[in-house]
1. What's the number of the condition VAL24 fails, among (1) at pLDDT below 85; (2) of a type in the set (A, V, I, L, M, F, W, C); (3) out of contact with any Leu (no Cβ under 8 Å at 6 or more places or on another chain)?
2. Only one residue in SER57, SER47, SER61 is under 20 Å from PHE9 (Cα atoms) and either open to solvent by 90 Å² or more (accessible area, probe 1.4 Å) or not β-branched (Val, Ile, Thr) (or both). Which one?
3. Mind telling me which of the residues THR7, THR31, THR15 ends up being among the hydroxyl-bearing types (Ser, Thr, Tyr), on the phi < 0 side of the Ramachandran plot and touching a residue at least 12 places away in the same chain (Cβ under 8 Å)?
4. Within the stretch 1-23, can you find the residues that are surrounded by 15 or more Cβ atoms within 10 Å (Cβ to Cβ) and under 15 Å from SER61 (Cβ atoms)?
5. Can you confirm whether the stretch 76-88 contains a residue that is farther than 23 Å from MET1 by Cα and open to solvent by 60 Å² or more (accessible area, probe 1.4 Å)?
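The values are calculated or read from the model by the stated rules, or taken from the named source; none is laboratory data. Owing to the predicted nature of the structure, the values given are computational and were not obtained by experimental measurement. When we count neighbours, we look across all protein chains shown, and the Cβ atoms used for this are built from the backbone with ideal geometry, even at glycine. Surface accessibility is based on the protein's heavy atoms, side chains included, excluding ligands, DNA and RNA. Shrake-Rupley method; radii C 1.70, N 1.55, O 1.52, S 1.80 Å.
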Amino acid sequence: MNKKLNTFFFIIGATVFNLLIMLVLMLISLTLVGVIFRGNLNPNILSVLMMVIFLGSLIGSFVIYSWLVNILAIKIDIYKYCIPFFKKRKT
């Protein structure tokens, strides 16, 4: 396979992986909220809590994804197999 196709597969795989991490973090958070409050929560507070859970899982998945990609970049030379994601700027 060539570098463009490898890059395409890497981006698709990384996106799916990031979404799965986000889904897992949301499910864990919702389960914890359900166990802690057991349905005895004001609907207004619940809606705010749902937004906080969504944003927290979004930020958490990005942090975990960035950490894992950095580890992968250290162990494997990604640019040997993929096109560089960011080009150097002219100074």
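1. Failed condition: (1).
2. Numbers: SER57 fails: under 20 Å from PHE9 (Cα atoms); SER47 fails: under 20 Å from PHE9 (Cα atoms).
On inspection, the qualifying residue turns out to be SER61.
3. On the way: THR31 fails: touching a residue at least 12 places away in the same chain (Cβ under 8 Å); THR15 fails: touching a residue at least 12 places away in the same chain (Cβ under 8 Å).
Result of the check over THR7, THR31, THR15: THR7.
4. Of all residues in the stretch 1-23, those surrounded by 15 or more Cβ atoms within 10 Å (Cβ to Cβ) come to 6-7, 10, 17-18, 21-22.
Correct list: PHE17, ASN18, ILE21, MET22.
5. As a first pass, look at the stretch 76-88 and keep what is farther than 23 Å from MET1 by Cα: 88.
If we keep only those that are open to solvent by 60 Å² or more (accessible area, probe 1.4 Å) as well, we get 88.
For the stretch 76-88, residues farther than 23 Å from MET1 by Cα and open to solvent by 60 Å² or more (accessible area, probe 1.4 Å): present.
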